[in-house]
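*Asks:* Sharing a structure, written as C-alpha cells. Questions coming.
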Amino acid sequence: GSVDRSKIYIATKVNPMGIGAEHEGRGVASHGYDSEIVTWSCKKSIERMKCEYIDLYQVHWPTRDCPLMSTPTFQPGDVNRFMPSFDKGTQADFDRTVTSIKELFDAKLIRHWGVSNENSFGITMLATTCVKLGCPLPVSCQNDFSILNQVYEEDTYEAAYRIGMAGLPYGGLCGGTLTGKYFDKTKPQYAAKDAAERPLDQCRHRIKADFQPRYGEKGPMAAAAEVVALAEEWGITPTELSLAWSISRPCNASIIIGTTTVRQVEECVNAALLDLPEELISAVGRIHERHRNPCVFYADKEAWKSNSNEGRAAQTPEA
C-alpha cells in the first residue's frame, strides 16, 4: 500500500557527537553543526526513512560550553556538562549552525527546524542569527520537562514564546518514574500492567540506572510518590496525570512519549484526551512547591543525590 506523504509529519535530529550518521570521511566524531556534516546527516535520514524531505529537523543539543540536562546552572568551561563542548558559543559558532540549516532549506530537504536541550541564550542567539542570515526561525524547542522538572518555564520559555517557538518536550514520565511502577511493593498494580511483556527487572532504571539517572534518584522518587497518590485520589493513573499535565502547560504544543508496549501507547493516548480541572492542576503545583525540580541539581551534584537520606532510588527494589 501507500500513504499520502503530506499526511505524515516526520521529525528527526542531527547529533553533534556524530552518532546515527557516521560520515564516510569523518567517522563518529564530535562537530559544531558545520554544513558538511549537517547536510550529510540530513540526507542519510531521508535515505533511511525513504522520504523526500523532513518536516522538522532538530539540532540535538548545544555544542558550546553550557550546562546540559541534569542542571541549569551555568559555569564557563565544561563544568556541568556530561560530554566535552565543541565551541564557545561565539557569533561565528551560531553563524555556522544557522548557515548549515539554511542550506537544508535552500536544497528543499527540510520544511522547518527546531532546537533541543537549549536555553534562553541559545534560542535568542539562533533567532537573531537567522534574521541576519535570512534563514527561517526555529519553530520548536524539545527540552526535558515534567512535573518533576519545570526548569524550562523559569526562563527558556519566555525566549521561545517571544520568538514563536512551540514546546515539544521529552521526559514527561521521567524514564518511567512517574508511572508508579517503581513502587513495586506498595503499588504493585503499576508494574503488573506490563509484567508479561516488560517485567520490572527489565525496565530502564533497573537494567541501566546510569542512563539519565536524574530521573530515578531519591528526590524524584519522593516527589513521584506524591504524584501517584494524587492521581489515585482523582481516579486516574499516574501516567495519565503526568502527561495530561504536561500537555496542558501553555508552553507546550505537544509532548514526546516513549513506549514499549501497545498498552502503554493506549494509556498515553488516554492522557491526551483528558482535560484536567484547575483544582487538580493547583494540587500538582503544591507538589512542585514542596519538591522544586527534584530531577536537577543546582550547586552540588553529590549533595543533590543524597538529599533524601531516608528515601530510595528507582534502581533499588522496594523492600
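Here, each number is a calculation from the coordinates, and none is a lab measurement. Predicted model, so just to flag it, every value in this text is computed and none were measured. Methodologically, a virtual Cβ is constructed for each residue, glycine included, from the backbone with ideal geometry; neighbour enumeration extends over all protein chains shown.
*Asks:* Cα axis of helix 91-106 to longest principal axis of the chain: angle in degrees, 0 to 90, nearest 10?
*Replies:* That works out to roughly 80 degrees.
*Asks:* Can you tell me the length gained on complete extension of the stretch SER248 to GLU52, counting 0.36 nm per residue apart and subtracting the Cα distance? Walk me through the intermediate numbers first.
*Replies:* Numbers: separation 196, 0.36 × 196 = 70.56 nm, distance 3.34 nm.
Extending this stretch completely gives an extra 67.2 nm.
*Asks:* Further, regarding this structure: Suppose only helical runs count, i.e. DSSP H with n ≥ 4. What mean residue ellipticity at 222 nm does that imply for the chain under -39500 (n - 2.57) per run, divided by all residues and rounded to the nearest 500 deg cm²/dmol? Let's see the in-between values first.
*Replies:* Details: 11 runs with 118 residues, N = 319.
Theoretical 222 nm ellipticity from helices: -11000 deg cm²/dmol.
*Asks:* Further, regarding this structure: Would you compute the Debye intensity of the range 214-292 from its alpha-carbon atoms alone, equal scatterers and no solvent, and pass along log10 I(q)/I(0) at q = 0.14, 0.19, 0.25 Å⁻¹ to two decimals?
*Replies:* The computed values of log10 I(q)/I(0) come out as -0.47, -0.89, -1.37.
*Asks:* With respect to the cross-link table entries LYS50/LYS132; LYS181/LYS208; LYS7/LYS102, which display a Cα-Cα separation exceeding 23 Å? Could the numbers behind the result be given before it?
*Replies:* Working: LYS50/LYS132 34 Å; LYS181/LYS208 16 Å; LYS7/LYS102 25 Å.
From the list (LYS50/LYS132; LYS181/LYS208; LYS7/LYS102), the Cα-Cα distance tops 23 Å for LYS50/LYS132; LYS7/LYS102.
*Asks:* Between SER120 and THR261, what is the label-to-label distance in nm when each label sits 7 Å out along the Cα-to-Cβ direction?
*Replies:* 4.2 nm
*Asks:* For the chain, which longest stretch is free of loop sites, where a loop site is one of the trypsin sites (Lys or Arg not before Pro) that DSSP puts outside H, G, I, E and B and that has at most 11 other Cβ atoms within 10 Å? All intermediate terms of the calculation are to be shown ahead of the outcome.
*Replies:* Working: sites that count: LYS50, LYS108, LYS185.
Longest gap between qualifying sites, sites excluded: 186-319.
*Asks:* I've got another one for you. Rank THR237, ALA11, PHE183 by how far each Cα sits towards the positive end of the charge dipole of the chain (+1 on Lys, Arg Cβ; -1 on Asp, Glu Cβ) and give me just the farthest.
*Replies:* Farthest along the dipole direction, towards plus: ALA11.
*Asks:* To test your reading of the geometry: what angle, between 0 and 90 degrees and rounded to tens, separates the Cα axis of helix 238-248 from the longest principal axis of the chain?
*Replies:* So the helix axis and the longest Cα principal axis differ by about 40 degrees.
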